[in-house]
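Before any comments, here is the structure.
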Amino acid sequence: MEGPMQAPLPQTHAAQDDNLTLGLDPDTQVNMQQYKEQVPRWKRIHQHSLTQMLFISVQAFCGPALMDAIGGLGRGGLATPKTSNIRFALMNGTEAIFCAFGGVLINILGAKWCLVLGAATFPLFGASYYCNSQFNNQWFLIASGPFNGAGIAFWNIAEGTYVMSIAPQQKRGKYLALWIISQNGGQLVGGAINLAKNAASAGGGGVSPSTYLPFIALQAIALPFALGICEMHNVVRSDGTKILILPKLSHKAETKRILKTFTSKVILCMTMFIIWSYFYNGPWSTYLSLYFSVRSRALSSLISPFFCIVGCFGLGIVTDSKGVSQRRRAQYGFWLVIISNVFVYIWSLIMEVRYTRNDPGAIDWSDKRFAESFLPYFFIQTTGPLAQVHCYWLLSSFAESAQDNARNGSALKCIQAIGNCIAYGVSSTGATPLVGMILNCALMLAAIPGMWWITGHTPDRIPADVIAEEMTAEEAKVAAAADESDKKNITTNVATREVSCRPSPNDNEGSYVI
């Protein structure tokens with residue numbers, strides 16, 4: 001039996017703040033029978049929440065996943081990691097600025113067109129690395145960083161809104177696992193490309209320039225799928241519910257809401273956890289680029305995503321467990337993430353201390369020390385994404401509407417980008433990976449108190465779903481009352497007509513008063 005639960009956060013629907021339901025769109029439940037009769041099958045498939053999640057996942061595959069695959073070569077596969085670290089720092093700094101105003105951007109453009117604008121910039125990422133590797137023009141690699149940062153910010157703002165909003169209540173963990181799997185699937189494809197192009201490079205240095213060409217082609221595929229995304233109010237979940245969407249606010253009012261979101265207890269308590277969940281990219285990628293041969297790095301980008309797929313589905317099973325309250329699932333998921341990372345950190349620190357003292361050179365997959373040296377990087381590519389999935393799952397547990405998910409997602413991406421900017425900034429100074437790993441451990445410890453509190457105050461049900469059900473029930477009551485009133489009117493009219501149709505005693509037989 002579960003122990004006593006703490007009270008939900010104040011100023012949420014779970015805390016019975018009824019003022020928060022004012023002005024909501026009552027059209028939150030779909031009459032599935034009528035929907036099937038009136039809407040063509042192809043359109044129903046297109047509007048289905050799973051189809052839309054697959055469209056988002058394809059974009060994640062072509063965009064962030066392939067960016068990670070290039071990064072999986074050890075800071076873009078360049079001979080030295082410094083230039084790439086500078087580029088990533090600029091990209092993440094720009095992303096943080098744009099993500100800070102995510103709610104306003106979605107207000108202006110809409111979630112779909114933010115996806116389109118972001119997807120259009122994806123090929124620029126691969127092109128910048130190709131030009132640097134082929135023509136040695138570092139200015140393009142560095143100058144394109146802010147443009148990619150702005151584009152990925154637009155895309156991430158909208159992606160977070162969709163990902164946290166479209167899943168049915170009991171399938172959020174699995175939908176998020178599907179999304180993470182698509183990102184790792186992109187890394188698998190990218191890893192296969194990397195390995196095929198660089199299998200003969202047993203030494204150090206940069207990858208072949210032609211490695212980047214397939215990436216550019218695949219990144220261009222994201223744009224058509226972004227154009228195929230439905231507007232959020234047209235998405236129908238598999239359980240027949242629609243996404244709860246508030247009326248648009250003015251830009252000034254939306255900016256105030258954004259500031260309120262950044263200073264909310266939910267975001268403040270999760271800030272360190274969000275930074276920590278993405279911070280590992282800097283030190284561990286630098287570790288890979290410094291100590292491994294080109295083909296070993298190519299192999300890592302192929303095999304690293306495999307175990308991540310299993311881990312993310314495992315976390316999805318935990319967070320979707322039936323018979324366990326949402327609050328308990330939040331706590332179980334959090335400790336699963338923390339404990340699994342602790343083991344990886346201990347192993348990584350042991351190896352990095354050893355290599356800081358004695359540089360091993362470029363470790364190839366034929367070396368005896370390859371397994372013990374590579375496995376810490378392999379496992380961090382699993383435990384790191386687990387923390388990211390849990391971030392999204394937790395934030396969606398507090399949302400009262402799709403707009404809340406947009407603001408929370410924007411705050412998450414802004415904080416994440418700041419963390420990455422710091423991580424890559426530290427790596428670009430020439431500091432050893434040991435410095436970044438120690439910072440990463442410190443961030444994990446700093447994240448525990450806030451997450452202890454936030455998981456203890458997670459609502460037992462998603463407020464947006466509670467609001468939607470209450471609104472549907474209220475609509476049903478109004479409809480039932482109207483039907484009852486109509487029935488009474490009909491009964492009264494019939495009774496009156498029957499009385500009126502009786503023979504009048506003062507008239508001749510057969511004469512009726514009508």
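The values are calculated or read from the model by the stated rules, or taken from the named source; none is laboratory data. Since the model is a prediction, treat every value here as computed from it, not as a measurement. Cβ coordinates were reconstructed from backbone atoms using ideal geometry, including for glycine residues, and neighbour counts include every protein chain displayed.
Could you grab me the full set of residues in the range 22-50 that are at pLDDT 85 or above and closer than 17 Å to Pro168 by Cβ?
Those that are at pLDDT 85 or above and closer than 17 Å to Pro168 by Cβ: Arg44, Ile45, Gln47, His48, Ser49, Leu50.
Could you check the range 37-58 and list, in sequence order, the residues that are of a type in the set (Ser, Thr, Tyr), touching a residue at least 60 places away in the same chain (Cβ under 8 Å) and under 20 Å from Ile221 (Cβ atoms)?
Ser57 - this is the single residue of the range 37-58 that is of a type in the set (Ser, Thr, Tyr), touching a residue at least 60 places away in the same chain (Cβ under 8 Å) and under 20 Å from Ile221 (Cβ atoms).
Could you run through the range 228-243 and say how many residues are in contact with a Pro (Cβ under 8 Å, 6 or more places away or on another chain) and surrounded by fewer than 19 Cβ atoms within 10 Å (Cβ to Cβ)?
The first filter runs over the range 228-243 and keeps only residues in contact with a Pro (Cβ under 8 Å, 6 or more places away or on another chain), leaving 237-239, 241.
Retained after the next criterion (residues that are surrounded by fewer than 19 Cβ atoms within 10 Å (Cβ to Cβ)): 238-239.
The number of residues fulfilling the criteria is 2.
For Phe135, which of the numbered conditions (1) out of contact with any Ser or Thr (no Cβ under 8 Å at 6 or more places or on another chain); (2) at pLDDT 85 or above; (3) hydrophobic (A, V, I, L, M, F, W, C) fails to hold?
(2)
Among helices (runs of 4 or more DSSP H) lying entirely in the range 256-319, which contain 2 or more residues that are crowded, with 18+ Cβ neighbours inside 10 Å and touching a strand residue (DSSP E or B) at 6+ places or on another chain (Cβ under 8 Å)?
Result: 294-319.
Quick check on Gln326: is it in contact (Cβ under 8 Å) with a residue 24 or more places away in the chain and either small (Gly, Ala, Ser) or touching an Asp or Glu at 6+ places or on another chain (Cβ under 7 Å) (or both)?
Here the answer is yes, as Gln326 does meet what is asked.
Scan the range 362-415 for residues that are among the small types (Gly, Ala, Ser) and either free of Cβ contacts under 8 Å to residues at least 24 places away in the same chain or not in a helix (DSSP H, G or I) (or both) and report the count.
Residues that pass the stated criteria total 6.
Working carefully through the options Ile229, Ile216, Ile275, Ile221, find the one that is at pLDDT 85 or above and touching a Lys or Arg at 6+ places or on another chain (Cβ under 9 Å).
Criteria check complete, one pass: Ile229.
Every residue, every condition in (1) buried (at least 24 other Cβ atoms within 10 Å of the Cβ); (2) under 22 Å from Leu218 (Cα atoms); (3) touching an Asp or Glu at 6+ places or on another chain (Cβ under 8 Å); (4) not charged (D, E, K, R), yes or no:
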{"position": "Cys114", "(1), (2), (3), (4)": "yes, yes, no, yes"}
{"position": "Gly126", "(1), (2), (3), (4)": "yes, yes, no, yes"}
{"position": "Tyr130", "(1), (2), (3), (4)": "no, yes, no, yes"}
{"position": "Ser144", "(1), (2), (3), (4)": "no, yes, no, yes"}
{"position": "Gly149", "(1), (2), (3), (4)": "yes, yes, yes, yes"}
{"position": "Trp155", "(1), (2), (3), (4)": "yes, yes, no, yes"}
{"position": "Thr161", "(1), (2), (3), (4)": "yes, no, no, yes"}
{"position": "Leu176", "(1), (2), (3), (4)": "yes, no, no, yes"}
{"position": "Gln183", "(1), (2), (3), (4)": "yes, yes, yes, yes"}
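Got at least one residue in the range 244-252 being surrounded by 24 or more Cβ atoms within 10 Å (Cβ to Cβ), closer than 21 Å to Val163 by Cβ and touching a helix residue (DSSP H, G or I) at 6+ places or on another chain (Cβ under 9 Å)?
The first filter runs over the range 244-252 and keeps only residues surrounded by 24 or more Cβ atoms within 10 Å (Cβ to Cβ), leaving 244.
Still in the list and also closer than 21 Å to Val163 by Cβ: 244.
Narrowing the set further to residues that are touching a helix residue (DSSP H, G or I) at 6+ places or on another chain (Cβ under 9 Å) leaves 244.
The answer is yes, given that some residue of the range 244-252 is surrounded by 24 or more Cβ atoms within 10 Å (Cβ to Cβ), closer than 21 Å to Val163 by Cβ and touching a helix residue (DSSP H, G or I) at 6+ places or on another chain (Cβ under 9 Å).
Quick check on Ser182: is it closer than 27 Å to Ser366 by Cα and either touching a helix residue (DSSP H, G or I) at 6+ places or on another chain (Cβ under 9 Å) or at pLDDT 75 or above (or both)?
No: the conditions fail for Ser182.
Please go through the range 259-290 and pick out each residue that is in contact with a Phe, Trp or Tyr (Cβ under 7 Å, 6 or more places away or on another chain) and farther than 30 Å from Leu375 by Cβ.
Within the range 259-290, Val266, Cys269 qualify.
Going by the conditions given, is Phe98 in contact with a Gly (Cβ under 8 Å, 6 or more places away or on another chain), within 17 Å of Cys62 (Cα to Cα), at pLDDT 85 or above and surrounded by 19 or more Cβ atoms within 10 Å (Cβ to Cβ)?
When the stated conditions are applied, Phe98 does not pass them.
Report, by residue number, each residue of the range 106-123 that is free of Cβ contacts under 8 Å to residues at least 60 places away in the same chain and over 11 Å from Gly63 (Cβ atoms).
Scanning the range 106-123 gives Leu109, Trp113, Cys114, Leu117.
With Leu395, Leu443 as the choices, which residue is at pLDDT 80 or above and closer than 24 Å to Val344 by Cα? Break it down into steps so the answer makes sense when it comes.
Values: Leu395 fails: closer than 24 Å to Val344 by Cα.
On inspection, the qualifying residue turns out to be Leu443.
Mind listing whichever residues of the range 320-340 are in a helix (DSSP H, G or I) and either modelled with pLDDT under 80 or among the polar types (S, T, N, Q) (or both)?
Scanning the range 320-340 gives Gln326, Gln331, Ser340.
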